[in-house]
1. Is the range 87-226 best put as rounded, prolate or oblate by its Cα gyration tensor, with a ≥ b ≥ c the root eigenvalues, rounded for a/c under 1.5, and otherwise prolate when a/b is larger than b/c, oblate when not?
2. Could you give the radius of gyration (one decimal) and Dmax (whole number) of the Cα atoms in the range 154-233, in Å?
3. Over the range 45-160, average the accessible area per residue using a 1.4 Å probe and give it in Å², no decimals.
4. Pick from LEU408, LEU111, LEU210: which residue has the top mean-square fluctuation in a GNM of the chain where Cα pairs under 10 Å get a spring?
5. Points 7 angstrom from Cα along the Cβ direction at ALA379 and ASP185: gap in nanometres?
6. What does the highest-first list of 37-47, 286-296 look like by mean Cβ count within 10 Å?
7. Given R₀ = 41 Å, what would the calculated FRET efficiency be for ALA250 paired with ARG27, taking r from the Cβ atoms and rounding to 0.05?
8. Whole number please: convex hull volume per residue of the Cα set in the range 9-118, in Å³?
Amino acid sequence: MTLSEERSRLAESDPDIFEALTGEETRQRRELELIPSENYAFPEVLTLLGSAFTNKYAEGYPGRRYYGGQQHTDRIETLARDRACALFHAEHANVQPLSGSPMNQAVYLGLLEPGDTILAMDLSHGGHLTHGAPVSHMGRLFNFVRYRTDPATGAIDFDALREVARKTQPKMVVCGYSSYPRGYDYADFKQVADEVGALTMADVSHIGGLIAANVMRNPMDAGFDVMTTTTHKSLRGPRGGLILCRKEFAKKIDASVFPGLQGGPHMNQVAAAALTFRLAATPAFRTYAEQVLANAQALAAGLNARQVKLVTGGTANHLMVIDTVKSFGMDGAQAQGTLDRVGLTANKQVIPDDPNPPMRPSGLRLGTPAATTRGMGGAEMDEIADILAGALSANGDKAAEAALAARLRDLTGRFPIEEF
Ligand code: DSN
């Protein structure tokens with residue numbers, strides 16, 4: 001069946017779902033995605049996600065499965081593991097985690113005992129839900145202790161981190177963030193962890209693609225024990241998780257993923273991840289990753305030039321956080337809603353020690369991976385900064401918002417999505 005035949009059949013068999021699908025495709029084409037954790041998957045990834053591998057159960061690992069008929073699933077999982085190890089300079093890879101949360105859960109549960117102490121970044125300072133937020137199951141199961149950023153510089157306060165580590169003697173030190181716009185050195189974490197005898201884990205979900213392309217530092221090169229990354233953000237792969245570790249932890253990690261936490265892996269996702277790891281090793285992907293970082297610099301400069309207040313003043317990676325209260329006298333939820341009206345998609349974000357609640361926080365988070373996939377560069381980043389600042393200063397003026405929406409539509413029209 002050709003693609004257009006498949007779509008006609010879908011339109012006929014379920015018009016509601018077909019309408020939602022085409023609506024989402026149109027939204028993605030016309031609007032601009034600035035959420036730093038989102039991207040447009042490689043077109044071949046979409047093909048593999050909808051392939052015959054969806055139908056196959058494959059509990060176990062290559063060569064050691066519970067069901068028959070595994071000649072092709074074994075082949076793709078072996079390729080995925082080998083490619084992941086080569087791409088990320090790791091001794092072992094587990095490609096089965098269904099997504100980011102089970103991936104991190106599998107590491108904690110595989111290498112630690114319930115009740116053990118884990119040192120991780122405070123959520124409002126840039127950490128992630130799966131790094132022990134009190135509302136998460138892992139937050140209830142393990143004793144998470146916190147490090148934070150320095151209010152004066154916005155950078156991680158390493159002296160305080162070392163002090164907390166000495167006092168609490170964690171079994172694991174976690175770095176890796178979802179809204180921290182500054183750089184850091186993995187060697188600093190390793191040194192603290194070694195001093196207190198803790199394991200080191202880096203959750204590089206946001207920057208996995210940038211590490212794969214060698215445009216950001218790799219924690220495995222700094223001797224980390226474990227690194228986790230989702231595969232659908234800057235990597236442009238399928239939704240999924242990947243655990244990389246040193247050989248001595250391979251057995252524990254594999255047993256923790258299956259049978260510890262999950263049943264059958266999603267082999268369509270594993271096939272798409274294998275392909276992604278190949279594409280991420282190409283010179284074209286390195287050029288893309290360099291442009292993601294250059295675009296983040298250009299967007300931050302464009303916002304700074306328009307007196308927009310960024311948390312820490314700028315960025316050293318692919319994302320930045322606007323203090324919307326200080327910049328525009330509105331909370332992040334209002335800012336997100338306003339930008340939705342002009343076609344810019346971003347997400348409200350808590351800022352360090354935010355006095356406001358998570359559903360009405362003081363910030364807004366932006367990133368450049370998706371806009372870069374569309375082919376946008378520095379000039380477009382400046383245009384985006386202008387539209388964004390204009391919309392958030394328009395005080396709900398409908399005519400002004402309509403004019404900005406038209407400019408945005410013109411911009412996205414010039415950079416069509418080629419992925420679907
Ligand atoms: N939801 C992802 C993010 O936006 O950072 C992480 O889980």
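1. On the way: a/c = 1.33, a/b = 1.07, b/c = 1.24.
Because its axes are fairly even, with a/c under 1.5, the range 87-226 counts as rounded.
2. Computed over the Cα atoms of the range 154-233, radius of gyration and Dmax are 12.6, 38 Å.
3. 47 Å²
4. Maximum among the listed residues: LEU111.
5. Result for the modelled spin labels: 4.0 nm.
6. Working: 37-47: 18.4, 286-296: 20.1.
Averaged packing, sorted descending, gives the order 286-296, 37-47.
7. 0.45
8. Convex hull volume per residue, Cα atoms: 207 Å³.
The values are calculated or read from the model by the stated rules, or taken from the named source; none is laboratory data. Predicted, not measured: the structure shown is a model, and the values here were computed from it. Virtual Cβ from ideal backbone geometry, glycine too; neighbours counted across all protein chains shown. Accessible surface is based on the protein model in full, side chains and every heavy atom, while ligands, DNA and RNA are left aside. Shrake-Rupley method; radii C 1.70, N 1.55, O 1.52, S 1.80 Å.
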